[in-house]
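What follows is a set of notes on a single structure, which appears directly below.
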Amino acid sequence: MAGFALRPMRAADRPAMLGIASRTWEGSDYLPFVFDDWLADGDGEFVAALLADRVAGCGKLTFLTPADAWLEGLRKDPEVAEGGLAEKVTRHFLRRLAGRPGLRSVRFSTYVLNERSIAANERLGFRRRNVFSCKAWTGKRGEAGGVGCPYAGRASVVRDPVEVRRFVEGSSWLAGSGGVLCEGWRAYPYSWDLFRSRYLVTGRCLGVLDGGRLSGLAAFAHDTRFDRTCLKLSFVEAADRGAADALFDAVFEHVKAHLRDDNEVEMILPPGTPIGGWAAERGFRSWEREDDFLLYGLPPPLLAGFAGGGMKR
């Protein structure tokens, strides 16, 4: 299809992929910071797309859990006019997944303006599952000192599994997300075991307690691979503005403790949650518009139709 050939990504492909990344998203592509991890991922698959024996793009298959596949990292050199790379890479991954026992989901996320990628995947049978809004606070080293409010110190690390689970599983955040936790541009299917292991036991749960009961909770990941302080809020729920401000203050205090020249806190906001207005008042902004993060999934019955095929090694 379309002249592209696929093979496993190699360490020697790094310069070519860094060149593509430098021409993607105005040079802000995260691929350079995850390239080595993706190359070392023995469970998933990182493929290079070749055009006339030159690396022209890539794609990544990741297993978020043994039963949940995630498609990410789809890139094409913006200087390459040839079409069909997205469908070629996705078909390859779906052929591999068609024979995997116990698979529960095959999903990906994309930005709302990635129209060609969306069209290619919808032709393969992917359907939109939910629409979120990506919001981020960004600040230079000298700007981080200005964030704060009278509620500083009210939120702290919480470790009570019973109370945290009660609060999360009864939240508008989890209901609005359709049962996923978006950590950056990955959407993890919620389970208590996953939440506990990723956020609770790692000390990444900040809570506001009133009489022993939570009135606010934020769970986050701190990705240290990047050249900036990068926090990803996977869950934020607050009963009122005061609890929300206390949570954001605690998050900003974490940023200050790890301050670098550039700093970012990102959240993928589910529809129907009240935290969005409070986040905007604390400096969180969307990119070009609201409703810009699209979550897609392939209906399980369609996967069997992709069985067979292989890849050039």
### Task
Identify the residue in the range 193-220 that is surrounded by fewer than 18 Cβ atoms within 10 Å (Cβ to Cβ) and of a type in the set (Gly, Ala, Ser) and, among all such residues, is nearest to the chain's Cα centre (by Cα).
SER197
### Message
Condition first: over 23 Å from the mean Cα position of the chain (by Cα) and outside any strand (DSSP E or B). Can you find one or more residues in the range 57-78 that meet it?
### Response
no
#### Entry: Test: residue in the range 182-202 that is within 19 Å of LYS135 (Cα to Cα), touching a Ser or Thr at 6+ places or on another chain (Cβ under 7 Å), touching a residue at least 12 places away in the same chain (Cβ under 8 Å) and part of a loop (DSSP other than H, G, I, E, B)
yes
### Message
Which count do you get for residues in the range 26-51 that are free of Cβ contacts under 8 Å to residues at least 40 places away in the same chain, within 14 Å of VAL89 (Cβ to Cβ) and not in a helix (DSSP H, G or I)?
### Response
2
### Query
Out of all the residues in the range 1-25, which are in a helix (DSSP H, G or I) and either among the small types (Gly, Ala, Ser) or in contact (Cβ under 8 Å) with a residue 60 or more places away in the chain (or both)?
ALA11, ALA12, ALA16, GLY19, ALA21, SER22
### Query
Failed condition for LYS232, given (1) over 16 Å from the mean Cα position of the chain (by Cα); (2) basic (Lys, Arg); (3) not in a loop (DSSP other than H, G, I, E, B), with all others met?
(1)
### Inter-residue pairs, beta-carbon under 8 Å, first under 20 Å from LEU181 (Cβ atoms) and among the β-branched types (Val, Ile, Thr) and in the range 235-254, second open to solvent by 10 Å² or more (accessible area, probe 1.4 Å) and modelled with pLDDT of 95 or more, 6+ apart
VAL251/LEU206
### Residue satisfying condition, being open to solvent by less than 20 Å² (accessible area, probe 1.4 Å), at pLDDT 95 or above, touching a helix residue (DSSP H, G or I) at 6+ places or on another chain (Cβ under 9 Å) and farther than 16 Å from MET9 by Cβ, within set ALA49, ALA69, ALA56
ALA69
### Task
Scan the range 196-242 for residues that are of a type outside the set (D, E, K, R) and more than 16 Å from MET267 (Cβ to Cβ) and report the count.
16
### Query
Hey, any hits in the range 234-248 for a residue that's of a type in the set (Val, Ile, Thr), in contact with a His (Cβ under 8 Å, 6 or more places away or on another chain) and crowded, with 16+ Cβ neighbours inside 10 Å?
no
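The values are calculated or read from the model by the stated rules, or taken from the named source; none is laboratory data. Everything numeric here is computed off the predicted structure, so don't read it as measured data. With ideal geometry, Cβ positions are generated from the backbone for all residues, glycine too; neighbour counts draw on all protein chains shown. Accessible surface is based on the protein model in full, side chains and every heavy atom, while ligands, DNA and RNA are left aside. Shrake-Rupley method; radii C 1.70, N 1.55, O 1.52, S 1.80 Å.
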